[in-house]
Amino acid sequence: MTEGLILVDGDWVASKGGRTEEVRSPYDGRVVGQVAVADVDDVETALAAAERGAAVWRETPAHARLDVLMRAAALVEERADAIATLLSAENGKTITEARGEVGRASDMIRLAGYEGTQLYGDTLPLDANRGTGQDKIGFTLRQPCGVVVAITPFNYPSLLVLHKVAPALAAGNAVVLKPARTTPLTALALARAFTDAGLPAGVLNVLTGPGGALGDALVSDPRVRKVSFTGSTAVGEHIARTAGVKKLSLELGASCPVVVLPDADIEAAADAIAAGGYINAGQVCISVQRVITHPDVHGDLLDALVPKVRAIAMGDPSSPDTRLGALISEAEARRVEVALQAAVDSGARLLTGGERDGAVLTPAVVDGVDLDAPLNQDELFGPAVAVTTADDWQSAIAYANSTAYGLGAGVFTRDVSGAIRAIRQIDAGVIHINWTPLWRADLMPYGGLKASGIGKEGFRTAVSEMTEEKTVILHGRPW
Ligand code: NAD
């Protein structure tokens, strides 16, 4: 129904240039679907439609917006299995993970919808200002930003689209969504649920096609008041330079650490790392990339971890028995393979994994990786963890903080005072004690420090960031 079409002004239409392209499975190369290749002319019509949609939606009462979102949530729930099958096919992640991801979708829309009904303001105690009496009333009022541009990456094609679209719509904005070029089909299926739920024309528009050309035209346009981007730090920096005076949320790259201390439950830590480093083939911004452990437990941790990593079942992503599917492309798998080999060439030891077949890479553990090595410092985005040792709390925290990034961190310890020190001193947007960074409740504030970005998602925070605050003063007398 949406095959080869974009969503503009409430209609599913061909792109102006009439071009389409195939979306293929990274696992076996089969064609999963066709999408339109939009260009800058489509950006113009989408933004014009969004401006009209924003005017209508902003005048729609919060309870009526909530009704539409609740209907969309129900439709997504009904269609979850079909959407998960599509997602797994276009992305290469296992069907089990795809079902888990899409299984969160309807609650995400409901929770965001609720937050859109909670646009409270403050009453201002103006009489505390010297010279001001009781003859004025001041308060704040929240209103939607207007047109929101949402740009999303390939790795969670349902989750990350909904973390933007659902709060933006809940708060009364119109959206132009530009999903990742490799995984547009899930985004289109989700958009269909919103239009079928009765969202007015122009309130949600979806353009598929090249990120650079569409992205630049969308992000730089003065009609857009807010850009919400999730993707690489390089593109995020480019957007920050291009956007001009706009509200920006940037959810960017990472190299997340896990610190394992001698008093930790080593078996539990190994279990968590064997999941947190390899879910979604390691293509998660909060994936465990770096394991920093004390020399006293280094050997025990590796003895526990390596067999668990070797036991990860690989294969066809559509099989329920598969735990590790394909990376997003053969080129990406090759890039990760090269990064692992470079670490080995510099003296690190590959304890398991790292063998590539097309877009599939066996899960790897690399030990003895230098703190300054690219495998620690640069985002890997693949199924591997790099292990380093640190002699005490102080150096473990310094190692955790040693990269440009600051998205998530995990610390395994039974020492409460040490944990509190880590919570205060590790520069990461989300810190987990006795778990890895790979954990997210969709309602929690979520976002990075340093090169990992600016702004927070999570529905209450996202709705707040997708609205603007006005201050209103009622004057009972002049001055
Ligand atoms: P990417 O930066 O290559 O692409 C992300 C999106 O940006 C895509 O839709 C792409 O088409 C678009 N894009 C490309 N050039 C653009 C431009 N000039 N202007 C505007 N948009 C443009 O990222 P990816 O490879 O799809 O995803 C992987 C990256 O995303 C990793 O770095 C990962 O850490 C990051 N990520 C971060 C979070 C987070 O919450 N911090 C979550 C998921 C992924």
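Residues to consider are Ser88, Ser25, Ser15; find the one that is under 30 Å from Ala275 (Cβ atoms), modelled with pLDDT of 95 or more and in contact with a strand residue (DSSP E or B) (Cβ under 8 Å, 6 or more places away or on another chain).
Details: Ser88 fails: in contact with a strand residue (DSSP E or B) (Cβ under 8 Å, 6 or more places away or on another chain); Ser15 fails: under 30 Å from Ala275 (Cβ atoms).
Step by step, each of Ser88, Ser25, Ser15 is checked, and only Ser25 is under 30 Å from Ala275 (Cβ atoms), modelled with pLDDT of 95 or more and in contact with a strand residue (DSSP E or B) (Cβ under 8 Å, 6 or more places away or on another chain).
Can you tell me which residues in the range 299-330 are crowded, with 21+ Cβ neighbours inside 10 Å and of a type in the set (Gly, Ala, Ser)? Passing the criteria: Gly325, Ala326.
Scanning the range 229-239 finds one or more residues that are aromatic (Phe, Trp, Tyr), more than 20 Å from Glu90 (Cβ to Cβ) and within 12 Å of the ligand (Cβ to nearest atom). Which one is farthest from the ligand (Cβ to nearest atom), of the residues in the range 389-426 that are among the hydroxyl-bearing types (Ser, Thr, Tyr) and in a strand (DSSP E or B)? Result: Thr389. Beta carbons closer than 7 Å, at least 6 apart along the sequence or on distinct chains, pair a first residue in the range 244-261 that is closer than 30 Å to Pro295 by Cβ with a second that is within 8 Å of the ligand (Cβ to nearest atom) and acidic (Asp, Glu) for Gly253/Glu379; Ala254/Glu379; Ser255/Glu379. Scanning the range 254-279 for residues being within 13 Å of the ligand (Cβ to nearest atom) and crowded, with 24+ Cβ neighbours inside 10 Å gives a total of 3. Taking the range 241-253 as the range and being within 11 Å of the ligand (Cβ to nearest atom), buried (at least 17 other Cβ atoms within 10 Å of the Cβ) and not acidic (Asp, Glu) as the test, the residues that pass are Ala243, Ser249, Leu250, Leu252, Gly253. For the range 444-458, the count of residues that are assigned to a loop (DSSP other than H, G, I, E, B) and in contact with a Lys or Arg (Cβ under 6 Å, 6 or more places away or on another chain) is at least one. Listed by first and then second residue, the pairs with beta-carbon distance under 7 Å, at least 6 apart or on different chains, first residue in the range 146-163 and assigned by TED's automatic domain parsing to the domain that holds Ala46, second of a type in the set (S, T, N, Q) and within 6 Å of the ligand (Cβ to nearest atom), are Thr152/Thr230; Pro153/Thr230; Leu160/Thr152; Leu160/Thr230; Val161/Thr152.
Each residue in the range 110-134 was checked for being over 18 Å from Asn173 (Cα atoms) and of a type in the set (D, E, K, R), and 3 pass.
Specify the residue that is nearest to Ala462 (Cα to Cα); the eligible residues are those in the range 157-169 that are buried (at least 24 other Cβ atoms within 10 Å of the Cβ) and in contact with a helix residue (DSSP H, G or I) (Cβ under 6 Å, 6 or more places away or on another chain). Spell out the reasoning first.
Residues of the range 157-169 buried (at least 24 other Cβ atoms within 10 Å of the Cβ): 157-158, 160-169.
Next cut, in contact with a helix residue (DSSP H, G or I) (Cβ under 6 Å, 6 or more places away or on another chain) only: 157-158, 161-162, 166-167.
Numbers: Pro157: 18, Ser158: 17, Val161: 13, Leu162: 11, Ala166: 9, Pro167: 6 Å.
Among those residues, the one meeting the criterion is Pro167.
I need the full set of residues from the range 373-398 which are of a type outside the set (Asp, Glu), surrounded by fewer than 20 Cβ atoms within 10 Å (Cβ to Cβ) and within 25 Å of the chain's Cα centre (by Cα), in order please. Of everything in the range 373-398, those that are of a type outside the set (Asp, Glu), surrounded by fewer than 20 Cβ atoms within 10 Å (Cβ to Cβ) and within 25 Å of the chain's Cα centre (by Cα) turn out to be Pro374, Gln377. Criterion applied to Leu126, Leu214 was being within 16 Å of the ligand (Cβ to nearest atom), over 18 Å from Glu90 (Cα atoms) and assigned by TED's automatic domain parsing to the domain that holds Arg241, and the one residue passing it is Leu214.
Close Cβ contacts (under 6 Å, 6 or more residues apart or on different chains) running from residues in the range 362-379 that are of a type in the set (Phe, Trp, Tyr) to residues that are crowded, with 24+ Cβ neighbours inside 10 Å and not in a strand (DSSP E or B) are absent. Does any residue of the range 61-78 turn out to be surrounded by fewer than 15 Cβ atoms within 10 Å (Cβ to Cβ) and not in a helix (DSSP H, G or I)? The answer is yes; a qualifying residue exists. Screening Ala326, Ala386, Ala342 for residues that are small (Gly, Ala, Ser) and in a strand (DSSP E or B) leaves exactly one candidate, Ala386.
Each row is one residue, and each column tells you yes or no for (1) touching a helix residue (DSSP H, G or I) at 6+ places or on another chain (Cβ under 9 Å); (2) within 16 Å of the ligand (Cβ to nearest atom).
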{"residue": "Ile292", "(1), (2)": "yes, no"}
{"residue": "Asp300", "(1), (2)": "yes, no"}
{"residue": "Asp303", "(1), (2)": "yes, no"}
{"residue": "Gly325", "(1), (2)": "yes, no"}
{"residue": "Glu337", "(1), (2)": "no, no"}
{"residue": "Glu355", "(1), (2)": "yes, no"}
{"residue": "Leu371", "(1), (2)": "yes, no"}
{"residue": "Leu375", "(1), (2)": "yes, yes"}
{"residue": "Pro383", "(1), (2)": "yes, yes"}
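Any chance the range 331-343 includes a residue that's surrounded by 24 or more Cβ atoms within 10 Å (Cβ to Cβ), touching a Pro at 6+ places or on another chain (Cβ under 8 Å) and in contact (Cβ under 8 Å) with a residue 60 or more places away in the chain? No, the conditions are met nowhere in the range 331-343.
Considering only the range 151-178, state which residues are within 15 Å of the chain's Cα centre (by Cα), within 14 Å of the ligand (Cβ to nearest atom) and among the hydrophobic types (A, V, I, L, M, F, W, C). Answer for the range 151-178, where residues must be within 15 Å of the chain's Cα centre (by Cα), within 14 Å of the ligand (Cβ to nearest atom) and among the hydrophobic types (A, V, I, L, M, F, W, C): Ile151, Phe154, Leu159, Leu160, Val161, Leu162, Val165, Leu177.
The values are calculated or read from the model by the stated rules, or taken from the named source; none is laboratory data. From a predicted model like this one, the values you see are computed outputs, not experimental measurements. FYI the Cβ positions are ideal-geometry reconstructions off the backbone, even for glycines, and counts take in every protein chain you see.
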